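These notes are about the structure you will find just below.
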Amino acid sequence: MSTPYTAPQLNRTSFNCPHCKAFSSMDWDALYIGYRGQNNVPNLTAARCNHCNEYSLWIGSSMIYPEEIDVESPNQDLPEEVKEDYLEAANILNQSPRGAAALLRLSIEKLVNVLDAQGKDLNTKIGDLVSKGLNPKIQKALDVVRVIGNEAVHPGQIDLTDDNETAQSLFKLVNVIADGMITQPKEVDTLFDDLPEGHKKGIERRDTE
């Protein structure tokens, strides 16, 4: 499952970095610009992410850099190229919701291809995955992507009707699909692999009878 999102907060020792989106510990520094005042209270503070080494800047309890984007972190089991698209979409969401939505559709297309789905477009690829036993809930999620993507729009292309709400829905769908297609099967495989060898052989004999 995707990692729970922990919002940035002044002096919090760990949260999801507004740059790389990873949940990471933060190193805080007090900065002074001009007159400190009688109580030596800093008027600017900075938090350095120990994952990407980028800084966030704060005045009082408000983060002023980078502009905060309220999207959940990408599922950690996403392939790296898909995760990169997700993070890039998060970084441009406020400036270009249409561009973010286009990147997210592209990332979902890549995600479907990871499962070796066959077909000329997302609709036929979904049908191929269904024939291979795709979870009906994941099928619904993929069909939502297809429909809200306007079937005439290809992955990676701009849809002029896209808005922030559409992009936010696509962020959620990427993680839902990744959880159902990658994370949950991996967790089940891990649990099965941890069974005593004798029990696993007994299951294999049962399934071959």
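Out of 104, 134, report the one residue that is modelled with pLDDT of 85 or more and either at negative phi or of a type in the set (Lys, Arg) (or both).
Working: 134 fails: modelled with pLDDT of 85 or more.
Unique residue meeting the criteria: 104.
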Qualifying positions in the range 9-25 - charged (D, E, K, R) and at pLDDT below 85: 21
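From 174, 188, grab the single residue that is exposed (fewer than 11 other Cβ atoms within 10 Å of the Cβ), within 24 Å of residue 126 (Cβ to Cβ) and either small (Gly, Ala, Ser) or modelled with pLDDT of 80 or more (or both).
Working: 174 fails: exposed (fewer than 11 other Cβ atoms within 10 Å of the Cβ).
Selected residue: 188, the only one of 174, 188 that is exposed (fewer than 11 other Cβ atoms within 10 Å of the Cβ), within 24 Å of residue 126 (Cβ to Cβ) and either small (Gly, Ala, Ser) or modelled with pLDDT of 80 or more (or both).
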Residue 117 vs. criteria assigned to a helix (DSSP H, G or I) and of a type in the set (Gly, Ala, Ser): no
Residue count, the range 60-113 (criterion: open to solvent by 80 Å² or more (accessible area, probe 1.4 Å) and either farther than 30 Å from residue 133 by Cα or not polar (S, T, N, Q) (or both)): 12
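The values are calculated or read from the model by the stated rules, or taken from the named source; none is laboratory data. In this text the structure is predicted, and so the values were computed from the model without any measurement. Don't worry about glycine lacking a Cβ; one is built from the backbone with ideal geometry, like all the others, and counts go over all protein chains shown. Side chains included, ligands, DNA and RNA excluded: accessible areas come from the protein's heavy atoms. Shrake-Rupley method; radii C 1.70, N 1.55, O 1.52, S 1.80 Å.
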